[in-house]
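Structure first, commentary second.
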Amino acid sequence: MGKFRNKLKKNVSSAIAARHTSKKQLTLSVVSLILAFLILVSATYCWYALAKGTGKADNINLTVGNGLRVNDLGDSSKKFKDDSYLLPASSVDGRNIFFPTDGTDFSNETSKMTFRSANAGDRNFDYVQLDFNLTAEANYTGIYLDKGTSLKLEVPSDASAKYKAECAKAEKALRMAIYYEGMDDPVVFTPEMNPKSVDAVKDIDRTTGRFLESSKQLAVPFKNYAYGKKQLAMLNQGETRPFSLLIWLEGTDSNCTSACAMLKQLVLNLTFTTSWDNTVEINFEDSTTEKPVAELLKNPKYSLILNYTNSNHKIENLRFTMQKVTANDYSKWKCNIPDNAYNDLTFQILDSSNKDAVVYQWKHTPSGGSTLNRGTATKYFVDTLDTTAGTNNDSRGHWHDGDIEDYGEGHDSGIFDNDDW
């Protein structure tokens, strides 16, 4: 790789000599990253080589949204090496990255090339890697990508139309992977708006560098992990997870065919948002004349919780503690939950003197319909408190959304029917 890099130095020197390159900062604000690179494309194959000038990271400032704390980035905040190169590589998921080696076998046919595995010297030199820990301050802290997340190549305003077009094409070869300990598989992202798949290098002969095997690399757009869609991770209170963020140029992408020799900027705007950035207040009210629930909850051994289950997010029986709306009124209670928690919601009264046993719970309307799905409703009225000995599942209530109430739905149907409350 040394001969290849030296050749690139000569080719790029004249392109950067007349352009002033100021010191760059790598800033991660609300997990937002901007990194400047000088890039030269020196080949027109599917694989191509990129050179970058001095891209320094003087400091990294990292903050996160509701429910999260982040550690000092440590080694990830060290300065990027002078005269480093962002070289094309290939990886199925960012965990094993392979670079093509020097030699006459440099080809647009991946199977005919030889490779080497990425090593410690490549980090933030031939590819980008940032490591950090996230700690949850609350239960059910779902982590998502904010809608403003983007990865792109910026070009100088005085660049030619042809160069801008080449950069727009090369941008599509960028990949970003997010990985954390315990994750089944890293998530690979593309800056494009639709998923894409390539045959990336999966394995090589560690002795000779000979290509052995490829595998499908599925890269998805950032929007697939926006709030309300797939979540990157779910942490409970006090849980800490180490994260790694990796950026490389995927050499097997057909868009790796540009030929440019001017200043570009690789810009990643990455923002993590959480389920606690998007909450809704849920209200529970004993609306009966006798108010048996209110009387029961005056006893400090009893507590009212909202139980939530979401198998898709691997959440089982997550308990949100209800708080009184006013200090001396035991009939009205409230709590905040993520606003995308719609299904499998059960109000329960727990007995702390019996290992928090469930003594009462609400799952049905007076006519027997399900109230597990709140729909868009945020208020639940108690209709009865079941006092039958040996049972804890026949108390009745209904969701109310301020207009027509549908049993088991909690939102307007738009018409009057037998399900309207």
Practice prompt. Check residue 147 against each of (1) among the basic types (Lys, Arg); (2) under 30 Å from residue 338 (Cβ atoms); (3) touching an Asp or Glu at 6+ places or on another chain (Cβ under 7 Å) and name the one condition it does not meet.
Written response: (3)
Item to complete: Identify the single condition in (1) open to solvent by 10 Å² or more (accessible area, probe 1.4 Å); (2) at pLDDT below 90; (3) touching a Leu at 6+ places or on another chain (Cβ under 8 Å) that residue 274 does not satisfy, given that it satisfies every other one.
Response: (1)
Worksheet item: Under the condition of being open to solvent by less than 30 Å² (accessible area, probe 1.4 Å) and outside any strand (DSSP E or B), which residue from segment 139-168 is nearest to residue 319 (Cα to Cα)?
Response: 140
Worksheet item: If we scan segment 142-152, do we find a residue that is within 30 Å of residue 109 (Cβ to Cβ) and touching a residue at least 12 places away in the same chain (Cβ under 8 Å)?
Response: yes
Item to complete: Looking only at segment 168-180, decide whether some residue is in contact with a helix residue (DSSP H, G or I) (Cβ under 8 Å, 6 or more places away or on another chain), over 30 Å from residue 242 (Cα atoms) and touching a residue at least 60 places away in the same chain (Cβ under 8 Å).
Response: no
Worksheet entry | Checking residue 188 against (1) farther than 18 Å from residue 96 by Cβ; (2) surrounded by 21 or more Cβ atoms within 10 Å (Cβ to Cβ), the condition it does not meet | (1)
Discussion item. Can you list residue pairs whose Cβ atoms sit under 7 Å apart, with the first residue in segment 295-318 being under 16 Å from residue 142 (Cα atoms) and the second being part of a strand (DSSP E or B) and open to solvent by 40 Å² or more (accessible area, probe 1.4 Å)? Count only pairs 6 or more apart in sequence or on different chains.
Written reply: 309/316; 309/317
Discussion item. Can you name every one of the strands (runs of 3 or more DSSP E) wholly within segment 197-261 that holds 1 or more residues which are open to solvent by 40 Å² or more (accessible area, probe 1.4 Å)?
Written reply: 211-219, 240-250
Discussion item. Go through segment 110-141 and report how many residues are under 30 Å from residue 204 (Cβ atoms) and either among the aromatic types (Phe, Trp, Tyr) or touching a residue at least 24 places away in the same chain (Cβ under 8 Å) (or both).
Written reply: 19
Item to complete: Find the residue count for segment 311-339, including only residues that are open to solvent by 40 Å² or more (accessible area, probe 1.4 Å) and closer than 21 Å to residue 377 by Cα.
Response: 10
Worksheet entry | Those residues of segment 322-365 which are out of contact with any Cys (no Cβ under 7 Å at 6 or more places or on another chain), of a type outside the set (Ser, Thr, Tyr), assigned to a loop (DSSP other than H, G, I, E, B) and modelled with pLDDT of 90 or more, in sequence order | 325, 327, 328, 329, 344
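The values are calculated or read from the model by the stated rules, or taken from the named source; none is laboratory data. Values in this document were obtained by computation on a predicted structure and should not be read as measured data. So basically every Cβ, Gly included, is an ideal-geometry build from the backbone, and we count neighbours across all protein chains shown. The area values use the complete protein model at the heavy-atom level, side chains included, leaving out ligands, DNA and RNA. Shrake-Rupley method; radii C 1.70, N 1.55, O 1.52, S 1.80 Å.
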